[in-house]
């Protein structure tokens, strides 16, 4: 079954609510004050099953200028408009403002009902029809069918329904895929059930028993029951009027304007980039930094307008702007908004569409802003995906975040990403994407860093993988490993254990062979009297840092062993010591450091680091103030 949401529009007392009741049998004026005053002050809801496979949800909006903010809430998310104009009054101020709002919200399909046709004569009715045609000429609804009707006599009600069905055939249903979003327009409680929220589901779907998040409050709840068009359901989806009974949240915690959605999938923001159009009204140009009332979905807040490419906008103009909100808002690219003046709260002055929900603060009048605006406003889906991947720089962007910031259905952004990967413009591994521009910059910086490292440390075998990562821009590990493996396969760098070096740096080590041989000889000559760097360097006449780098390289290669206290020993000498200690302890069972040093004729300066090294490699173990062989201790365990 196709599900279409219709919203009424029109001036106060032009018969919108009466017409809905005549069409559906449902009175949308549910409040006592509405019954007493005879005017609609809040949103009302009804439904009409026009055919077996076609169901209309109907949102009845207030017509009074004081309640335009409610009208905006009701109009956001509808698919087509039922414009109501009374035959005895014709086009009135709220008729004009409501149509302005509908156009700014991107609505292009409508049916016009000339109500109260039973109250006027034929000539008056013709005048009302001509008045509407003149008003709509050149506007979004200029081709809308115009049907005179009477809610009292039933005149042409069947014809009106037929025209609504006809126009609805061109409406594209909202996607059931993607992120579930339900901007809340009513919150109330039902005895025995608890908190209930209602709204028009604008994307995705929700199932019975699912956990949902209430944005921007960061409150979680579970869907206890679902109702759509007065029927209990196990599931509801985009394009439907939905009521959710939420478990785990109190009515007093919520209000109109919150958004129910999939947990962790939506974002809150305090600034957006947008294309903004100022209506062609008899007002002065609007200057940057002016504060307005910003309406989006069922939410409204104060927002400061920042005009990015010039200083002011004249009536009828469109411009690239940034809005800075007083409080966090839940929005996606492609969402439409309405601006009403803070100094004239009864007047809608413009609106537009959000093109970036997570922008940075821009410097105004920068040359690159024009290109940026063009890509996000007029670029293809692939252009936008590439833009948002590039915008995240070296850190890349997660695929789940990419879906949100692009404002695209999952299939569309995945197809665009695959195309960019195929064209080698983007790298994608696991759940992250990185633009090739930053992959190439990272590669260049990595090679430059290695060259600088070798120049400053000619004796070192290379830099550790972790140190290299720390000294480069922050990047996801999968991209670091991919870039590194590419450089290895291309012969640019070499890996040895955890060390990374330029392949071209080999000749540096070959030039130091003679110094290496001399150091190794000195380590042998020192025997068990393990020297420090200063002692090793005596007679070599090399800068101490060069000798230190060389010795560290020898340790890395296993040609020297480092003891505690920055002392070094040749492996052959260490082996002789280890064998002597093992032999001595096998005979004695246990021995103190003093007893062991006596057999090697060593001072305490050297014997303690040597014994601690044997402890570290699990040859010996301390037992009080003595050493025993570790294997003998294990054998004697009960």
Item checked: Residues located in the range 576-613, provided they are touching a helix residue (DSSP H, G or I) at 6+ places or on another chain (Cβ under 8 Å), closer than 17 Å to residue 630 by Cβ and not in a helix (DSSP H, G or I) -> 589, 591
Check: Among the listed residues 332, 278, which satisfies the condition of being over 23 Å from the mean Cα position of the chain (by Cα) and touching a residue at least 40 places away in the same chain (Cβ under 8 Å)?
Finding: 278
Notebook entry, point to check: Considering only the range 95-111, how many residues are within 17 Å of residue 17 (Cα to Cα) and in contact with a helix residue (DSSP H, G or I) (Cβ under 6 Å, 6 or more places away or on another chain)?
Noted result: 1
Item checked: Of all residues making up the range 348-360, the number that are in a loop (DSSP other than H, G, I, E, B) and touching a strand residue (DSSP E or B) at 6+ places or on another chain (Cβ under 7 Å) -> 3
Notebook entry, point to check: In the range 317-343, how many residues are more than 25 Å from residue 261 (Cα to Cα) and modelled with pLDDT of 95 or more?
Noted result: 6
Next item on the list: Can you run down the residue pairs with Cβ atoms below 6 Å, 6 or more apart or on separate chains, where the first is in the range 595-607 and at pLDDT 85 or above and the partner is surrounded by fewer than 18 Cβ atoms within 10 Å (Cβ to Cβ) and not in a helix (DSSP H, G or I)?
Entry: 606/529
Next item on the list: Taking residue 238 as the residue in question, decide whether it is over 26 Å from the mean Cα position of the chain (by Cα), within 17 Å of residue 182 (Cβ to Cβ) and buried (at least 18 other Cβ atoms within 10 Å of the Cβ).
Entry: no
Notebook entry, point to check: Considering only residues of the range 566-575 that are touching a residue at least 12 places away in the same chain (Cβ under 8 Å) and assigned to a helix (DSSP H, G or I), which is surrounded by the fewest Cβ atoms within 10 Å (Cβ to Cβ)?
Noted result: 572
Margin query: Can you go through 285, 263 and tell me which one is surrounded by fewer than 16 Cβ atoms within 10 Å (Cβ to Cβ), under 19 Å from residue 357 (Cβ atoms) and either assigned by TED's automatic domain parsing to the domain that holds residue 44 or in contact with a strand residue (DSSP E or B) (Cβ under 6 Å, 6 or more places away or on another chain) (or both)?
Written below: 263
Notebook entry, point to check: So, in the range 1-25, of the ones that are under 41 Å from the mean Cα position of the chain (by Cα) and not in a strand (DSSP E or B), which residue ends up modelled with the lowest pLDDT?
Noted result: 1
Checklist line | Residue match in the range 532-552 (condition: in contact (Cβ under 8 Å) with a residue 40 or more places away in the chain and touching a strand residue (DSSP E or B) at 6+ places or on another chain (Cβ under 6 Å)) | finding: no
Next item on the list: Go through 122, 137 for me and flag whichever is surrounded by fewer than 17 Cβ atoms within 10 Å (Cβ to Cβ) and modelled with pLDDT of 95 or more.
Entry: 137
Next item on the list: Within the range 576-604, work out how many residues are loosely packed, with under 12 Cβ neighbours inside 10 Å and closer than 29 Å to residue 519 by Cβ.
Entry: 4
Margin query: Among (1) surrounded by fewer than 14 Cβ atoms within 10 Å (Cβ to Cβ); (2) in contact with a strand residue (DSSP E or B) (Cβ under 7 Å, 6 or more places away or on another chain); (3) at pLDDT 95 or above, there is one condition residue 144 misses while meeting the rest; what is its number?
Written below: (1)
Margin query: Yes or no: the range 83-96 includes at least one residue that is surrounded by 17 or more Cβ atoms within 10 Å (Cβ to Cβ), in contact (Cβ under 8 Å) with a residue 40 or more places away in the chain and in a helix (DSSP H, G or I).
Written below: yes
Note to self: For the range 156-181, give me each residue that is out of contact with any strand residue (DSSP E or B) (no Cβ under 7 Å at 6 or more places or on another chain) and either buried (at least 17 other Cβ atoms within 10 Å of the Cβ) or part of a helix (DSSP H, G or I) (or both).
What the structure shows: 157, 158, 162, 166
Item checked: Condition check for residue 191: crowded, with 17+ Cβ neighbours inside 10 Å and over 30 Å from residue 402 (Cβ atoms) -> no
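The values are calculated or read from the model by the stated rules, or taken from the named source; none is laboratory data. Since the model is a prediction, treat every value here as computed from it, not as a measurement. Note that each Cβ is placed from the backbone with ideal geometry, even for glycine, and that neighbours are counted across all protein chains shown.
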